[in-house]
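A short worksheet on the structure shown next.
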Amino acid sequence: METDVDLLNAARRMNTEALVKIFDLYSSALYQYALRLCGDPVLADHIVGDVFVKLLDQLAAGNGPRSNLRSYLYETAYHRMIDETRYAKRRSPLEAVLHRQDSHTAILSLEDQMMFQDILHALQHELTSDQRHVIVLRFLEEFSLRETAAIMGKTVDHVKVIQNRALAKLRRSVEHREFRRSLSSQTIRNVPDALGV
């Protein structure tokens with residue numbers, strides 16, 4: 001089995017097979033990561049392209065990662081996303097993800113789908129950029145605390161603080177949305193009684 005180090009050594013020699021294998025191994029996951037953060041399929045595709053262009057440039061110059069290629073690629077995507085949000089006139093909403101029904105959400109109950117949409121709404125609209133990145137890296141991309149800290153250029157303790165604050169904010173947001181939804185459903189049920197029907 002080929003390791004990241006073996007792949008990187010071959011890629012540094014501009015071995016086409018190694019470069020294609022790296023792209024095949026990581027491009028889809030990087031695209032999903034970028035899409036979760038920006039919500040725009042075209043922008044996510046551009047970010048992934050930029051990540052691999054940078055990797056090629058770094059490898060050709062004799063630089064780039066020596067090990068842990070996955071973390072390097074996610075870190076590059078993270079910084080590219082930061083640049084994009086910093087310089088874009090407006091941020092892309094996550095509506096593309098909210099309205100997408102993939103195989104996982106298709107089998108969820110209506111209540112679970114509503115909860116999922118509440119979480120996605122809170123993720124996009126109520127969390128800071130750092131909080132959103134930590135949640136995506138930790139829970140959707142399944143990076144460890146140490147890997148997340150390395151990707152974001154922060155300490156592990158700082159990532160823990162960001163994660164805890166983000167989870168608390170998500171929890172409050174979902175509870176608030178559920179409370180509002182229950183109030184509106186009670187109001188709708190009470191309308192016939194109020195009208196004497």
**Study point:** Kirkwood Rh and Cα Rg combined as Rg over Rh, evaluated for segment 1-91
**Key:** 1.00
**Study point:** Over segment 1-91, relative contact order from alpha-carbon pairs under 8 Å, at least 6 apart, %
**Key:** 34 percent
Practice item. First check a/c for segment 1-40, with a ≥ b ≥ c the square roots of the eigenvalues of its C-alpha gyration tensor; if it is under 1.5, answer rounded, and if not, answer prolate when a/b is larger than b/c or oblate otherwise. Key: prolate
Study note, to complete from the structure: Scalar couplings 3J(HN,Hα) for segment 160-166 by Karplus 6.51 cos²θ - 1.76 cosθ + 1.60 (θ = phi - 60°), nearest whole Hz, x for Gly and Pro, are 4, 5, 4, 4, 4, 5, 5
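Coordinate-derived values only; no laboratory data. Values in this document were obtained by computation on a predicted structure and should not be read as measured data.
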